[in-house]
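Working notes, structure below.
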Amino acid sequence: MNLVFLGPPGAGKGTQAKRLSQELGLKHISTGDILREAVKNQTPLGKKAKEYMDRGELVPDDLIIALIEEVMPPEGGVIFDGFPRTIAQAKALDEMLSRKGMKVDKVILFDVPDEVVVERLSGRRVCPSCGAVYHVKFNPPKSDEICDKCGTKLIQREDDKEKVVRNRLEVYRKQTAPLIEYYEDKGILIRLDASKDIEEVYRELKRVVGA
Ligand code: ADP
Ligand code: AMP
């Protein structure tokens with residue numbers, strides 16, 4: 001089974017993908033996580049991607065598509081989180097999967113109003129070492145600003161600061177939201193009310209993917 005998690009930044013895709021991928025034995029592919037790691041390690045991809053990410057713009061399609069070709073397991077079984085983000089990426093994914101005799105089985109649209117997204121992004125804290133994600137109010141670490149898993153001091157992502165957040169939401173509306181119709185036309189889009197709390201969203205998510 002190949003799933004796509006679609007929705008605005010801060011909708012909760014990563015939080016749910018981490019958990020569901022573990023429970024179902026799927027591979028979690030987050031292009032955002034891979035790109036941040038590449039930026040941290042100053043790889044050629046990271047060097048090219050950094051300026052786009054800092055501005056909250058999308059990294060060019062050719063770089064993202066090449067990246068997906070590289071990390072896609074031949075047998076499938078993936079949760080794509082934050083990919084595809086443009087129609088060109090969605091078409092490339094369809095082609096890539098069909099070459100291997102697979103397809104996107106379900107697309108889960110994480111539906112949340114803008115004000116919820118802004119509140120989630122402004123309170124998001126991440127571990128710069130292991131990548132764990134918290135929220136100051138909705139999913140706080142046990143001890144203040146310290147990662148439960150590895151003890152590192154948590155940070156706020158630069159692109160979660162207000163100025164960049166506004167641009168990311170605009171980019172989502174213009175470049176990514178058209179994917180809703182793209183997948184609706186294929187009859188594989190499922191809308192999920194992602195404004196509920198983490199546990200409730202997870203229960204509903206499992207129900208809609210048939211897990
Ligand atoms: P995305 O991957 O879609 O950008 P995240 O999974 O990183 O979003 O979630 C954004 C922020 O909101 C994080 O701080 C996370 O802890 C928090 N969060 C995720 N899901 C929920 C939820 N259902 N209710 C409240 N906060 C949530
Ligand atoms: P995310 O962690 O999904 O919020 O992504 C963080 C940033 O990485 C985005 O604002 C983009 O700059 C870049 N990015 C992640 N995924 C993609 C993608 N599929 N296409 C283009 N840019 C991406």
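Does any residue in the stretch 137-165 that is touching a residue at least 60 places away in the same chain (Cβ under 8 Å) come within less than 8 Å, Cβ to Cβ, of a residue that is among the acidic types (Asp, Glu) and away from ligand 1 (no atom under 12 Å from the Cβ) six or more places away or on a different chain, and which pairs are these?
Note: pairs meeting the criteria are Glu158/Asp54; Asp159/Asp54; Val164/Asp54; Val164/Glu158.
Given the options Arg120, Arg173, name the one that is exposed (fewer than 13 other Cβ atoms within 10 Å of the Cβ) and basic (Lys, Arg).
Matching residue, one of Arg120, Arg173: Arg173.
Filter the stretch 49-99 down to residues that are within 13 Å of ligand 2 (Cβ to nearest atom), surrounded by 14 or more Cβ atoms within 10 Å (Cβ to Cβ), of a type in the set (A, V, I, L, M) and more than 20 Å from Ala17 (Cα to Cα), then give me how many there are.
9
On the basis of being in contact with a Lys or Arg (Cβ under 8 Å, 6 or more places away or on another chain), more than 12 Å from ligand 1 (Cβ to nearest atom) and among the acidic types (Asp, Glu), does Glu145 make the cut? Step through it out loud before you land on a result.
Values: in contact with a Lys or Arg (Cβ under 8 Å, 6 or more places away or on another chain): yes; more than 12 Å from ligand 1 (Cβ to nearest atom): yes; among the acidic types (Asp, Glu): yes.
So Glu145 passes the test.
Given the condition polar (S, T, N, Q), modelled with pLDDT of 95 or more and within 11 Å of ligand 1 (Cβ to nearest atom), answer yes or no: does some residue in the stretch 32-50 qualify?
No, the conditions are met nowhere in the stretch 32-50.
State whether one or more residues within the stretch 143-158 are surrounded by 14 or more Cβ atoms within 10 Å (Cβ to Cβ), among the charged types (D, E, K, R) and within 15 Å of ligand 2 (Cβ to nearest atom).
For the stretch 143-158, residues surrounded by 14 or more Cβ atoms within 10 Å (Cβ to Cβ), among the charged types (D, E, K, R) and within 15 Å of ligand 2 (Cβ to nearest atom): present.
With the stretch 1-107 as the region, which helices (runs of 4 or more DSSP H) entirely inside it contain at least 2 residues that are under 29 Å from Lys206 (Cβ atoms) and touching a His at 6+ places or on another chain (Cβ under 8 Å)?
Ranges flagged: 13-24.
Considering (1) touching a Gly at 6+ places or on another chain (Cβ under 9 Å); (2) modelled with pLDDT of 95 or more; (3) within 16 Å of ligand 1 (Cβ to nearest atom), say which one Leu58 fails and leave the rest.
Just one mismatch for Leu58, condition (1).
The values are calculated or read from the model by the stated rules, or taken from the named source; none is laboratory data. Computed from a predicted structure; not experimentally measured. Cβ coordinates were reconstructed from backbone atoms using ideal geometry, including for glycine residues, and neighbour counts include every protein chain displayed.
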